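Worksheet for the structure shown next.
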């Protein structure tokens with residue numbers, strides 16, 4: 001049987017999702033808790049990998065087991081074992097060929113930027129000192145829509161079969177005392193969202209013209225884009241799948 005688990009975590013204390021030698025990661029913590037419950041070594045396959053310091057309001061991972069789990073009991077036991085900054089929210093029985101990564105149809109990230117110092121969200125947003133032209137940032141963001149080779153926003157020397165992604169939403173909105181950037185696509189490259197945010201901030205500062213964006217994307221050159229925004233403001237917020245893969 002194959003199960004999907006839905007997780008939430010605050011990534012501040014972790015070196016990203018994926019297990020690494022001599023580093024504390026979210027995957028290591030969740031696999032450890034799951035292996036205790038299963039009483040055998042269990043490996044998780046996640047929908048994607050978040051980098052060091054990045055958070056997730058929703059991320060899915062799958063595992064295979066011979067055991068039948070009651071949802072409420074599973075969630076209670078897992079959350080009793082997991083550290084306080086990681087939580088299991090849901091459990092789904094899925095088709096045996098349903099895959100947390102490859103079956104996903106879209107992923108949505110949000111980046112939180114605050115212009116006012118706030119001690120209560122210091123690890124959950126990027127405090128930017130200065131004024132930004134949000135209209136210009138949104139105008140530039142429209143050039144991201146559609147399917148493009150986004151090599152200019154990707155970390156170099158990554159093992160990906162293609163750097164083409166299809167973005168269907170990219171917009172900045174005022175939410176309370178924060179500016180929130182929401183971006184939705186079928187897939188993302190490593191460091192892509194933070195590189196896009198950093199580049200759009202340069203547009204907002206007046207350091208980069210909106211009209212430069214088409215040429216920037218066409219260049220496929222990471223050195224032509226802006227500095228990546230800090231990890232603290234980035235959240236993976238939603239992953240979508242075909243409904244037919246879920247059994248219950």
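One table, with the values for the structure above:
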| quantity | calculated |
| --- | --- |
| Every residue from the stretch 223-248 that is touching a helix residue (DSSP H, G or I) at 6+ places or on another chain (Cβ under 9 Å) and part of a loop (DSSP other than H, G, I, E, B) | 225, 226, 227, 228, 229, 230, 248 |
| Residue count, the stretch 102-114 (criterion: more than 27 Å from residue 72 (Cβ to Cβ) and part of a loop (DSSP other than H, G, I, E, B)) | 2 |
| Failed condition for residue 232, given (1) more than 22 Å from residue 52 (Cβ to Cβ); (2) touching a strand residue (DSSP E or B) at 6+ places or on another chain (Cβ under 8 Å); (3) surrounded by 14 or more Cβ atoms within 10 Å (Cβ to Cβ) | (1) |
| Residue match in the stretch 141-149 (condition: on the phi > 0 side of the Ramachandran plot, out of contact with any helix residue (DSSP H, G or I) (no Cβ under 8 Å at 6 or more places or on another chain) and without any contact (Cβ under 8 Å) to a residue 60 or more places away in the chain) | yes |
| Residue list for the stretch 8-29, restricted to those being part of a helix (DSSP H, G or I) and either in contact with a strand residue (DSSP E or B) (Cβ under 9 Å, 6 or more places away or on another chain) or over 14 Å from residue 54 (Cβ atoms) (or both) | 11, 12, 26, 27, 28, 29 |
| Residues being closer than 14 Å to residue 227 by Cβ and surrounded by fewer than 16 Cβ atoms within 10 Å (Cβ to Cβ) - total across the stretch 185-216 | 1 |
| Scan of the stretch 224-248 for residues that are in the same structural domain as residue 139 (by TED's automatic domain parsing) and over 23 Å from the mean Cα position of the chain (by Cα), ordered by number | 224 |
| Sole exception among (1) in a helix (DSSP H, G or I); (2) not assigned by TED's automatic domain parsing to the domain that holds residue 138 for residue 201, by number | (2) |
| Test: residue in the stretch 120-137 that is free of Cβ contacts under 8 Å to residues at least 24 places away in the same chain, closer than 17 Å to residue 171 by Cα and over 16 Å from the mean Cα position of the chain (by Cα) | yes |
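To keep it simple, each residue is scored yes or no on (1) crowded, with 20+ Cβ neighbours inside 10 Å; (2) in a helix (DSSP H, G or I); (3) in the same structural domain as residue 92 (by TED's automatic domain parsing).
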| residue | (1), (2), (3) |
| --- | --- |
| 31 | no, yes, yes |
| 36 | no, yes, yes |
| 49 | no, no, yes |
| 60 | yes, no, yes |
| 74 | no, yes, yes |
| 77 | no, yes, yes |
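Matching residues to (1) more than 23 Å from residue 226 (Cβ to Cβ); (2) outside any helix (DSSP H, G or I):
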{"residue": "98", "(1), (2)": "yes, yes"}
{"residue": "132", "(1), (2)": "no, yes"}
{"residue": "139", "(1), (2)": "no, no"}
{"residue": "174", "(1), (2)": "no, yes"}
{"residue": "179", "(1), (2)": "no, yes"}
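The values are calculated or read from the model by the stated rules, or taken from the named source; none is laboratory data. Because the structure is a prediction, the values reported are computed rather than measured. Note: ideal-geometry Cβ built from the backbone for every residue, glycine included; neighbour counts use all protein chains shown.
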